[in-house]
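The values are calculated or read from the model by the stated rules, or taken from the named source; none is laboratory data. This one's a predicted model, so the numbers in the text were calculated from it and none came from an experiment. With ideal geometry, Cβ positions are generated from the backbone for all residues, glycine too; neighbour counts draw on all protein chains shown.
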Amino acid sequence: MKNYKVVEVEVYSEEYFEDLLNDCNESISVAGILFLPSQVLKKCDPIAWQVFCSDMQEYKDVYECLECGAQYECADEAEWCCAPEDEDSED
Ligand SMILES: [Zn+2]
């Protein structure tokens, strides 16, 4: 009996993409005020920002316990997460 489900989760956070942009591009100075490349793209062209993120995003499957919602990389761990201990179980 399965007591977990497989869910697809995003590997990278939005912060990761911000860092990526900020590392690969120069900050923009306007009237002596410095703007981060990630700020500029998000504010000036939110659609381009979304496209950038979704192009770079990767997804992975994780196993989610149906009882408590905890997520695991490994199906076995999810299987036993909230499983009651049953010492008399047969193979
Ligand atoms: Zn659980």
Review point. Which of the residues that make up the range 52-70 are without any contact (Cβ under 8 Å) to a residue 24 or more places away in the chain and of a type in the set (A, V, I, L, M)?
Key: Ala70
Check your understanding: Any residue in the range 36-54 that is surrounded by 11 or more Cβ atoms within 10 Å (Cβ to Cβ) and within 30 Å of Cys65 (Cβ to Cβ)?
Key -> yes
Exercise for review: Inspect the range 22-33 for any residue being part of a helix (DSSP H, G or I) and either modelled with pLDDT under 95 or among the acidic types (Asp, Glu) (or both) and give the result as yes or no.
Suggested key: yes
Check your understanding: Regarding Gly32, is this residue within 14 Å of the ligand (Cβ to nearest atom), among the small types (Gly, Ala, Ser) and either at positive phi or loosely packed, with under 14 Cβ neighbours inside 10 Å (or both)?
Key -> no
